[in-house]
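The values are calculated or read from the model by the stated rules, or taken from the named source; none is laboratory data. As the structure is a computational prediction, the values presented were derived from the model and not from experiment. Counting neighbours? That spans all protein chains shown, and the Cβs are built from the backbone with ideal geometry, glycine included.
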Amino acid sequence: MSTPDRPQPVSLPLPTLGPPAEAGGCGDGCGCGAGEDFDLDPLECGLDPDLAQLLAEAGLDPVQVEDIAHMAIEEDLDQGVDITTVATVAEDSRSAGDFTAREAGTVAGLHIAEAVLSVVCTDEFEVERHVEDGDRVEAGQKLLTVRTRTRDLLTAERSALNLLCRLSGIATTTARWVDALEGTTTQVRDTRKTTPGLRALEKYAVRCGGGVNHRMSLSDAALVKDNHVVAAGGVAAAFKLVREEFPGVAIEVEVDTLHQVREVLDAGADLILLDNFTPAETAEAVAIVGGQAFLESSGRLTLDNARAYADTGVNFLAVGALTHSSPILDIGLDLRAEA
C-alpha cells in the first residue's frame, strides 16, 4: 500500500486540460486559500507564532483555527469550570499526555489539536510530534505527546480529540478511495456537504488523505445543478447566463443524459458533472468529450465500483460521503504523571 504525499499548499488557476494535480492538492476552482500569506499579526492570532505558521503553510487560516478552538472549549465549559478535574487534580500537578491511535488510519488535525491546547493551557506546554498530518499509522502508535499542567491537559482533552478524531476519520476514508483509484488518472474529491463552521478543516482532512478539493464556497466557481436548470429554462440557457454574468469563472454543469453532455460541451463548459451515470454511460461521455473538458462522476459511487468508473477515464469522482459520513478514527489520550 503506497502512502500519498502529505498535503501541500497549491495555488490554482482556472482549469486547464492535462494530467491531474498531485495527490494532496486542491481541485480546480478551489478557494481554500492554500498558499496564501495569512496575516500572523499576534494581535489577531493568539497562537504560538510557529504553530500559526504551520497552520498557514497547510492552507489553513490560523485565526479561524483559533476561533474554532475557543468555540469548542467554551461549549465544553459552558461558562463554568471543569468540575471533575478541579476536584481531583492538584493545581500544581504536571503530566505528559500521549495522543495515541487506537486503530490504523490516516492522521489529520494534529496542529489543530495543538491549537486547542494552546487556548486552554495557562502555563507553557511542550509538544513532541511523532507523526505528521497525512501519515498512515497503526493501532497503538503515538501521534503527539504534550507535557503541561494536568488540569489544562484534561480540560482540553475532549475538545482536542473531537477535532482530531473527526478529521483523521475523513482522511482515513479519503485514503481508502485513493487506494482504490491507484494506477488510474482519476482523483477523488469532496463536495460542500460539510459540517457548518468546519468546512476548511474537513476539506484539509481530505487533502491529508490524498484527495483533492472542489470549491470551498458558492463564490469560488459555478456549478449549475438541476434546480438552476429548471429556473433558467434549460441546461444551455443556465450555462449562458452564468458565463455572461461571470465571464472569468470556471463553470461546471451537472447533466443526466448524454444529449446534455453534447449540449453543454458545445456551449463551452469547463467541467461536466455526470449525475448518476453508469460506468458504461460514463465511458460514452468520455468518448464524446474527447478531452475538451473535465468530467466528474457523481452518484452511485462506492468503493466497490470506484475502479470501474476510474477505468472509463473520467477525471474526478465526487464523493460527498468523505465529509458527511466518515466514521471517526479512534484516538485516545493516555496520561502519564510527571514530577
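Results for (1) aromatic (Phe, Trp, Tyr); (2) surrounded by fewer than 24 Cβ atoms within 10 Å (Cβ to Cβ); (3) closer than 20 Å to Asp330 by Cα; (4) in contact with a Ser or Thr (Cβ under 7 Å, 6 or more places away or on another chain), shown as yes or no for each residue.
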site	(1), (2), (3), (4)
Glu74	no, yes, no, no
Gln79	no, yes, no, no
Ala90	no, yes, no, no
Glu103	no, yes, yes, no
Ala108	no, no, yes, yes
Asp123	no, yes, no, yes
Gly140	no, yes, yes, yes
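For segment 171-189, a residue qualifies if it is in contact with a Leu (Cβ under 7 Å, 6 or more places away or on another chain), surrounded by 22 or more Cβ atoms within 10 Å (Cβ to Cβ) and farther than 22 Å from Gly291 by Cα, and the qualifying residues are Thr172, Thr173, Thr174, Trp177. The single condition among (1) surrounded by 16 or more Cβ atoms within 10 Å (Cβ to Cβ); (2) of a type outside the set (Val, Ile, Thr); (3) at pLDDT below 50 that Leu55 does not meet is (3). For segment 125-138, taking the residues that are part of a loop (DSSP other than H, G, I, E, B) and at pLDDT 95 or above, the one that is surrounded by the fewest Cβ atoms within 10 Å (Cβ to Cβ) is identified as Glu138. Applying the criterion of being among the charged types (D, E, K, R) and surrounded by fewer than 18 Cβ atoms within 10 Å (Cβ to Cβ) to the residues of segment 142-170, the residue that is farthest from Leu201 (Cα to Cα) is Arg147. Among residues that are touching an Asp or Glu at 6+ places or on another chain (Cβ under 6 Å) and assigned by TED's automatic domain parsing to the domain that holds Ile170, Ala113 is not included.
Which numbered condition trips up Ala175, out of (1) modelled with pLDDT of 95 or more; (2) touching a Lys or Arg at 6+ places or on another chain (Cβ under 9 Å); (3) not in a helix (DSSP H, G or I)? Unmet condition: (3).
Restricting Thr145, Thr122, Thr100, Thr84 to those that are assigned by TED's automatic domain parsing to the domain that holds Asp330, of a type in the set (Ser, Thr, Tyr), over 25 Å from the mean Cα position of the chain (by Cα) and not in a loop (DSSP other than H, G, I, E, B) reduces the list to Thr84. The set of residues in segment 93-131 being without any contact (Cβ under 8 Å) to a residue 40 or more places away in the chain and not aliphatic (A, V, I, L, M) consists of Cys121, Thr122, Asp123, Glu124, Phe125, Glu126, Glu128, Arg129, His130. Each residue in segment 251-287 was checked for being touching a Phe, Trp or Tyr at 6+ places or on another chain (Cβ under 7 Å), closer than 15 Å to Phe316 by Cα and of a type in the set (Gly, Ala, Ser), and 1 pass. Take Val264 and tell me if it is crowded, with 17+ Cβ neighbours inside 10 Å, farther than 26 Å from Tyr204 by Cβ and of a type in the set (A, V, I, L, M, F, W, C). For Val264, the condition - crowded, with 17+ Cβ neighbours inside 10 Å, farther than 26 Å from Tyr204 by Cβ and of a type in the set (A, V, I, L, M, F, W, C) - is met.
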